[in-house]
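The values are calculated or read from the model by the stated rules, or taken from the named source; none is laboratory data. Here the structure is a predicted model, which is why all the values come from computation and not from measurement. Positions of Cβ are generated from backbone atoms using ideal geometry, with glycine treated the same way; all protein chains shown enter the neighbour counts.
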Amino acid sequence: MPTPANQERATSPTRGGRTRPGALTLLFGLPALLFALITWQVVADGPLIRLDERVSRDLVDPGRGSELLADLGNVQVAVPVLAVALGYVAVRARRDGGDRWWLPVAAAALLMALVPALIIPLKELTDRPGTPAVPPGTGYYPSGHTATAAIAYGSATLLLLPRLHTPLARRTLVIACLALILGVSYGLVRRGYHWPLDVVASWCLCAVLLSSLWLWLSLRRIGPPKSPEPPWSPESPEPPR
């Protein structure tokens, strides 16, 4: 039966203190490349944008349900959920007496603070107009609501997962997190608040950010490799105990 340590090594992007190139490519390279491609198409008004607009026309159907789902990405909703998770993790970590127990909580809070610092300049740079379902204006790319939901719910999930003791509880938490993010994304597109590519670009950006947090948390839990103890010899002052 695998031990918790073995399970940690199996799911970690590192092995024996070394990073796995394939895992890092999936975590960082592909989302970053896709985000760069979409951003280039938005700025250049490329053929991918025309396809995006056709897909949006087929999907948009404003309704109360889609609006409620989109509201789950509001700062007033997502950030308090993250704050509750951070408070719980901070209390438990301090009670456990771990070394620098506050670092994971601070890292997640910093990641949340990075969202407007990244999204707002990108909105100004791309200056993309909104869909016909919203008032005339620009600055819709990438989706800030999607990024807020992904980072808030995703960071809370990453911090809470190590505190859950059964596979069922961990799977339930991950499924709930994905359902919230996908629900917000669907609501934004269905209501017409964003083009589909606005949402996809935020997924890519947040995949890089959340992968960075996950990698850092994994490395912190594993810690540096321990040097082996020297073998005992008869000349040693006392045998090992």
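Would you check if P135 is within 26 Å of A44 (Cα to Cα) and touching a Ser or Thr at 6+ places or on another chain (Cβ under 6 Å)?
No: the conditions fail for P135.
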Worksheet item: What number of residues within region 101-124 are surrounded by fewer than 19 Cβ atoms within 10 Å (Cβ to Cβ) and either among the aliphatic types (A, V, I, L, M) or under 17 Å from A78 (Cα atoms) (or both)?
Response: 11
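Scan region 68-77 and give yes if some residue there is in a helix (DSSP H, G or I), more than 20 Å from the chain's Cα centre (by Cα) and either closer than 24 Å to S155 by Cα or modelled with pLDDT under 95 (or both), otherwise no.
Taking region 68-77 first, the residues in a helix (DSSP H, G or I) are 68-71, 75-77.
From what's left, more than 20 Å from the chain's Cα centre (by Cα): 68.
With either closer than 24 Å to S155 by Cα or modelled with pLDDT under 95 (or both) added as a condition, the list becomes 68.
Scanning region 68-77, I find at least one residue that is in a helix (DSSP H, G or I), more than 20 Å from the chain's Cα centre (by Cα) and either closer than 24 Å to S155 by Cα or modelled with pLDDT under 95 (or both), so the answer is yes.
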Discussion item. Name the single residue that is surrounded by the most Cβ atoms within 10 Å (Cβ to Cβ) among those in region 30-72 being closer than 13 Å to V200 by Cβ and touching a Phe, Trp or Tyr at 6+ places or on another chain (Cβ under 6 Å).
Written reply: V42
Practice prompt. Find all pairs meeting these conditions: Cβ atoms under 9 angstrom apart; at least six residues apart or on different chains; first residue within region 29-42 and touching a residue at least 40 places away in the same chain (Cβ under 8 Å); second residue among the basic types (K, R).
Written response: V42/R128
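Looking at A176, A133, A156, which is the one that is at negative phi and free of Cβ contacts under 8 Å to residues at least 24 places away in the same chain? Give the derivation first.
Details: A133 fails: free of Cβ contacts under 8 Å to residues at least 24 places away in the same chain; A156 fails: free of Cβ contacts under 8 Å to residues at least 24 places away in the same chain.
Being at negative phi and free of Cβ contacts under 8 Å to residues at least 24 places away in the same chain holds for just one of A176, A133, A156, which is A176.
Please count how many residues of region 86-104 are within 24 Å of the chain's Cα centre (by Cα), of a type outside the set (A, V, I, L, M) and assigned to a helix (DSSP H, G or I).
Residues that pass the stated criteria total 4.
Between G87, G73, which is touching a helix residue (DSSP H, G or I) at 6+ places or on another chain (Cβ under 9 Å) and within 16 Å of T146 (Cβ to Cβ)?
Working: G87 fails: within 16 Å of T146 (Cβ to Cβ).
Only one candidate qualifies: G73.
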Practice prompt. Within region 37-62, work out how many residues are assigned to a helix (DSSP H, G or I) and within 13 Å of R191 (Cα to Cα).
Written response: 4
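For residues in region 50-67 being of a type in the set (D, E, K, R) and more than 27 Å from the chain's Cα centre (by Cα), which is farthest from Y193 (Cα to Cα)? Before you say what the answer is, go through the steps one by one.
Taking region 50-67 first, the residues of a type in the set (D, E, K, R) are 50, 52-54, 57-58, 61, 64, 67.
Remaining after also requiring more than 27 Å from the chain's Cα centre (by Cα): 50, 54, 57-58, 61, 64.
On the way: R50: 17, R54: 15, R57: 12, D58: 14, D61: 11, R64: 13 Å.
Top of the filtered list is R50.
Within region 92-104, can you find the residues that are closer than 19 Å to A152 by Cα and of a type in the set (A, V, I, L, M)?
L103, the sole residue that qualifies.
Are any of the residues in region 75-87 of a type in the set (S, T, N, Q) and buried (at least 16 other Cβ atoms within 10 Å of the Cβ)?
Going residue by residue through region 75-87, those that are of a type in the set (S, T, N, Q) are 76.
With buried (at least 16 other Cβ atoms within 10 Å of the Cβ) added as a condition, the list becomes none.
Within region 75-87, not a single residue is of a type in the set (S, T, N, Q) and buried (at least 16 other Cβ atoms within 10 Å of the Cβ).
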